[in-house]
Amino acid sequence: MSEPNTITFFSASDVAANLTMPAAIDAMRDAFIALSGDRATIPPRLHLDAPVVQGMNLVMPVYAPEIDLIGLKFVSVYPLNPKKNKPTIHALMSVYKGSTGEPLAVIEAEKLTAIRTGAVGGLAADLFTPGNADTAAIFGAGHQGITQLMALCEVRKIKYVKLVDPSEAKRNAFTGHFPAITFIEFDESPPKIEADIICTTSTSTTPLFTLAQIRPETHINAIGAFKPDHREIGSDVIANAAVIVDSMQPGLEEAGEIVIPMAEGTIDASHIKGEIGNFCNGELNPQPLRKQLTVFKSLGNAIQDLYAARIVLENARAKGHGTKLKL
Ligand SMILES: NC(=O)c1ccc[n+]([C@@H]2O[C@H](COP(=O)([O-])OP(=O)(O)OC[C@H]3O[C@@H](n4cnc5c(N)ncnc54)[C@H](O)[C@@H]3O)[C@@H](O)[C@H]2O)c1
């Protein structure tokens, strides 16, 4: 796979050049089929907090024998960074050959994370929304918001978008990425969110809207929150929705959207319909859910990084991209 005693470094632009959104969406389908089929080893991710600066660091290992790869991502999430003109997220991933443990690559993983996170949102929208869905609302105009909308545009003909973010600069930068989309304003207060698909990709730790504000058949990709006491979606919405998770155990233990209503007694674990992989592998049928309120709760999973990294490695090798480093 690589020359002995060398690894390849892939920059953010190498990742962007070698991981298209359609390929990433396909890779996420394969990744979650492997996860739900217990065909990968994914230890619980390690949380390493830096409380003085509200920093949260995650260490995410994964081994997938069927693609003969091991991955280890270190991702830092520092919500105060934008005030310092720095990105919220930084990430690096190292990749190893599963059968020998040889190091193969180091990947700039902020771009990888944004693309794979968008891609699973696109996969969920493809599974749980009707084919004519054309209106989206995005809460959080940052990196993940941009890739969510990019992925939605791959699976549905999105024409109208409502964008919510307290930062005007972020809203302006966001709209610049999507010249073909019509951005519409809310005309009521509190706003009625008349969207087929809502993506929450904010750093908010409290619910962004109520059940009364949304359509009964909306699909929601809940992406931003990843701690048991943080949530973007409230108990009212969760209790009335068919809830799908990326991975069951972490969902029940780490996702505030699920942990908080369970602690209140509003729902129990049986409220969760299944993992997205159960819908991808045909075990569960997504069709009936397309006419209901659905919430896909994504915490993010190391399997996504590994299957996305695999595409980068394969495509970059064919094109000679990446920088060889001697060990
Ligand atoms: N589920 C996953 O796999 C996954 C992957 C990557 C990141 N994330 C999470 O997604 C979140 C966003 O990440 P990012 O890289 O896009 O960060 P970012 O800083 O680029 O964007 C976050 C945006 O949210 C906005 N925001 C904050 N409060 C808001 C509110 N109440 N309403 C609307 N917008 C609000 C901010 O102004 C900012 O523009 C983070 O919490 C991150 O940890 C999840």
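Could you please let me know if residue 279 is among the aromatic types (Phe, Trp, Tyr) and more than 25 Å from residue 69 (Cβ to Cβ)? Here the answer is no, as residue 279 does not meet what is asked. Exactly one residue among 272, 303 is under 19 Å from the mean Cα position of the chain (by Cα) and more than 20 Å from residue 236 (Cβ to Cβ), and that residue is 303.
Considering the range 292-315 alone, what residues qualify as being in contact with a Pro (Cβ under 7 Å, 6 or more places away or on another chain) and either within 18 Å of residue 221 (Cα to Cα) or at pLDDT below 95 (or both)?
Across the range 292-315, the qualifying residues are 293, 299.
Within the range 109-154, take every residue that is acidic (Asp, Glu) and not in a loop (DSSP other than H, G, I, E, B) and give me the one that is farthest from residue 191 (Cα to Cα).
Restricting to residues being acidic (Asp, Glu) and not in a loop (DSSP other than H, G, I, E, B), the top hit is 110.
Scanning the range 15-39 for residues that are within 30 Å of residue 326 (Cα to Cα) and in contact with a strand residue (DSSP E or B) (Cβ under 8 Å, 6 or more places away or on another chain) yields 15, 18. Close Cβ contacts (under 7 Å, 6 or more residues apart or on different chains) running from residues in the range 261-283 that are closer than 18 Å to residue 121 by Cβ to residues that are aromatic (Phe, Trp, Tyr) comprise 275/32; 276/32; 276/296; 277/32; 280/32.
Would you confirm whether any residue within the range 183-204 is aromatic (Phe, Trp, Tyr), more than 27 Å from residue 87 (Cα to Cα) and part of a loop (DSSP other than H, G, I, E, B)? Talk me through it step by step, then tell me what you get.
Start the filter on the range 183-204 by keeping residues that are aromatic (Phe, Trp, Tyr), which leaves 183, 186.
When the remaining residues are screened for being more than 27 Å from residue 87 (Cα to Cα), the result is 186.
Remaining after also requiring part of a loop (DSSP other than H, G, I, E, B): 186.
Checking the range 183-204: at least one residue is aromatic (Phe, Trp, Tyr), more than 27 Å from residue 87 (Cα to Cα) and part of a loop (DSSP other than H, G, I, E, B).
Of the residues examined, residue 162 is one that is out of contact with any helix residue (DSSP H, G or I) (no Cβ under 8 Å at 6 or more places or on another chain), part of a strand (DSSP E or B) and within 12 Å of the ligand (Cβ to nearest atom).
When 200, 218, 175, 147 are screened for being under 14 Å from residue 118 (Cα atoms) and in contact with a strand residue (DSSP E or B) (Cβ under 9 Å, 6 or more places away or on another chain), only 200 passes. The residue pairs whose first member lies in the range 152-179 and is in contact (Cβ under 8 Å) with a residue 24 or more places away in the chain, whose second member is of a type in the set (Lys, Arg), and whose beta carbons are closer than 7 Å, counting only pairs six or more residues apart or on different chains, are 163/171; 165/171.
The condition of being surrounded by 17 or more Cβ atoms within 10 Å (Cβ to Cβ) and within 10 Å of the ligand (Cβ to nearest atom) holds for only one of 89, 107, 70, that being 89. Would you confirm whether or not the range 210-233 contains a residue that is surrounded by fewer than 17 Cβ atoms within 10 Å (Cβ to Cβ), within 12 Å of the ligand (Cβ to nearest atom) and either assigned to a loop (DSSP other than H, G, I, E, B) or not aromatic (Phe, Trp, Tyr) (or both)? Yes - at least one qualifying residue is present in the range 210-233. What number of residues within the range 110-151 satisfy the criterion of being within 14 Å of residue 24 (Cα to Cα), surrounded by fewer than 24 Cβ atoms within 10 Å (Cβ to Cβ) and within 12 Å of the ligand (Cβ to nearest atom)? The qualifying residues number 1.
Taking interchain pairs and intrachain pairs at least six residues apart, which have beta carbon atoms under 7 angstrom, with the first residue in the range 4-29 and under 11 Å from residue 151 (Cα atoms) and the second assigned to a helix (DSSP H, G or I) and among the charged types (D, E, K, R)? Short answer, once both residue conditions are applied: 21/154; 22/154; 24/116; 25/154.
The values are calculated or read from the model by the stated rules, or taken from the named source; none is laboratory data. Predicted, not measured: the structure shown is a model, and the values here were computed from it. Glycine gets a Cβ as well: all are built from the backbone with ideal geometry, and neighbour counts include every protein chain shown.
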